[in-house]
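Please read the structure below before turning to the comments.
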Amino acid sequence: MALPKLNSTPKYTMKIPTTQENVAFRPFLIKEEKTMLIAAESGNPRNVLMSMIDTLKACCDDDINLKKLATFDIEYMFLQLRSKSVGETATVGITCEDCGHKNKLEVNLEDIKIKVPEKIEKVVELTDQIKVELDYPSYHDILSSDSADNITGAEQLFELMNFVFKTVITNDERINLKEVSKKELTDFIDSMDSKQFSKIKDFIQEIPKLKHDYELTCEGCNKQIKNTLEGLTNFLS
């Protein structure tokens, strides 16, 4: 006689921020949690991202092409999955800049939302004759690049530029950047002046993020702390 399955049926639904598509999912099980713990212990960001994608694939009932979704879609979906699997609250450590005391902040994960603009200007004019079409990077883009490793700041910004550029539009042609070499694209980016670069930088900085505004009183010195948590790692505890 075969043993019964305990928890394999989808019980919840969530909405993908960019597509507004409803997706049925189940909480992750011990087999998925074990894989994620092993990835976290490896200390390799790429392994953590891959385990996150694999867990979503295993837990979502619908046929979704996760590779095409934006990075913030994946982060939001994983946070919803985590809230139904481990608990709807997370304890976040907030260090006071004045006294150094580490405060504990309880965050309701269901309050964390992604705000995606209804209208996004994805075509940017660089010159009178050249425009570029931009789009949000996907997790597949990030996994295929050095951005999945520990790079930050300016290096990360330039790496992301390789993925937000989709098409170059001139008076004579429309160039799909998937069909050009990375070196050609890098040379194109490097040829921009500061004003052109600023337009692309603004687009990248406006990519939606997981955000949560908070206020608390420091237990060490009674200072009022008001700030914003951003990014998935701040909500995983």
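The values are calculated or read from the model by the stated rules, or taken from the named source; none is laboratory data. Small disclaimer: the values here were computed from a predicted structure and weren't measured. Every residue, glycine as well, gets a Cβ built from its backbone with ideal geometry; the counts of neighbours run over all protein chains shown. In case anyone asks, the SASA skips ligands and DNA or RNA and just uses the protein heavy atoms, side chains included. Shrake-Rupley method; radii C 1.70, N 1.55, O 1.52, S 1.80 Å.
The H on the amide N of Asn103, modeled in the peptide plane, is under 5 Å from the matching H of Ile94, Thr95, Cys96, each at least 5 residues off or on a different chain. In this structure the amide hydrogen of Lys209, modeled in the peptide plane, comes within under 5 Å of the amide hydrogens of Lys115, none closer than 5 places in sequence on its chain.
Ranked by the mean number of other Cβ atoms within 10 Å per residue, highest first, peptides 123-129, 65-71 order as 65-71, 123-129. Fully extending the segment from Thr91 to Leu29, taken as 0.36 nm per residue of separation minus the present Cα-Cα distance, adds 20.2 nm. For region 118-128, putting each phi into the Karplus relation 6.51 cos²θ - 1.76 cosθ + 1.60 with θ = phi - 60° gives couplings of 5, 10, 10, 7, 9, 9, 10, 8, 9, 9, 5 Hz, in residue order, rounded to whole numbers and with x for Gly and Pro. Partners of Lys178 within straight-line reach, counting lysines whose Cα lies under 19 Å from its Cα and excluding those fewer than 8 residues away in the same chain: Lys67, Lys68, Lys122, Lys131, Lys166. Rounded to the nearest 20 debye, the dipole size of region 166-236 about its Cα centre is 120 debye, using +1 on the Cβ of Lys and Arg and -1 on the Cβ of Asp and Glu.
The Cβ shell under 11 Å around Gly93 holds other residues with a net charge of +2, Lys and Arg each +1, Asp and Glu each -1.
The residues neighbouring Glu125, those whose beta-carbon lies less than 14 Å from its own, together hold a net charge of -1 under the Lys/Arg +1, Asp/Glu -1 convention.
Among the cysteines of the chain, Cys59, Cys60 have no other cysteine beta carbon within less than 4.7 Å of their own. 3J(HN,Hα) couplings calculated from phi for region 47-54 with the Karplus curve 6.51 cos²θ - 1.76 cosθ + 1.60 (θ = phi - 60°) are, in sequence order, 5, 5, 4, 5, 5, 5, 4, 4 Hz; Gly and Pro show x. Full extension of the chain between Lys102 and Ile189 gives 27.1 nm of extra length, using 0.36 nm per residue less the Cα-Cα distance. Label sites at Asp62 and Lys113, each approximated as a point 7 angstrom past Cα along Cα to Cβ, lie 1.9 nm apart.
Placing +1 on each Lys and Arg Cβ and -1 on each Asp and Glu Cβ, with no other charges, gives the chain a dipole about its Cα centre of roughly 780 debye.
Within the same chain, lysines fewer than 8 places from Lys104 are excluded, and of the rest, those with a Cα less than 27 Å from its Cα are Lys34, Lys84, Lys113, Lys115, Lys209, Lys211, Lys223, Lys226.
Per residue, region 191-237 exposes 64 Å² of solvent-accessible protein surface, assessed with a 1.4 angstrom probe and all protein chains in place.
In the chain, the longest principal axis of the Cα atoms and the axis of helix 194-205 are about 20 degrees apart.
Residue-wise HN-Hα couplings along region 137-144, as the Karplus relation 6.51 cos²θ - 1.76 cosθ + 1.60 with θ = phi - 60° gives them from phi, are x, 9, 5, 4, 4, 5, 5, 8 Hz; Gly and Pro carry x. In straight-distance terms, cross-link reach from Lys102 covers every one of the aspartates and glutamates whose alpha-carbon lies under 13 Å from its own, apart from those fewer than eight places away in the same chain; here that gives Glu219. Can you tell me the orientation of helix 71-85 relative to the chain, as the angle in degrees between its alpha-carbon axis and the longest Cα principal axis, to the nearest 10? So the helix axis and the longest Cα principal axis differ by about 10 degrees.
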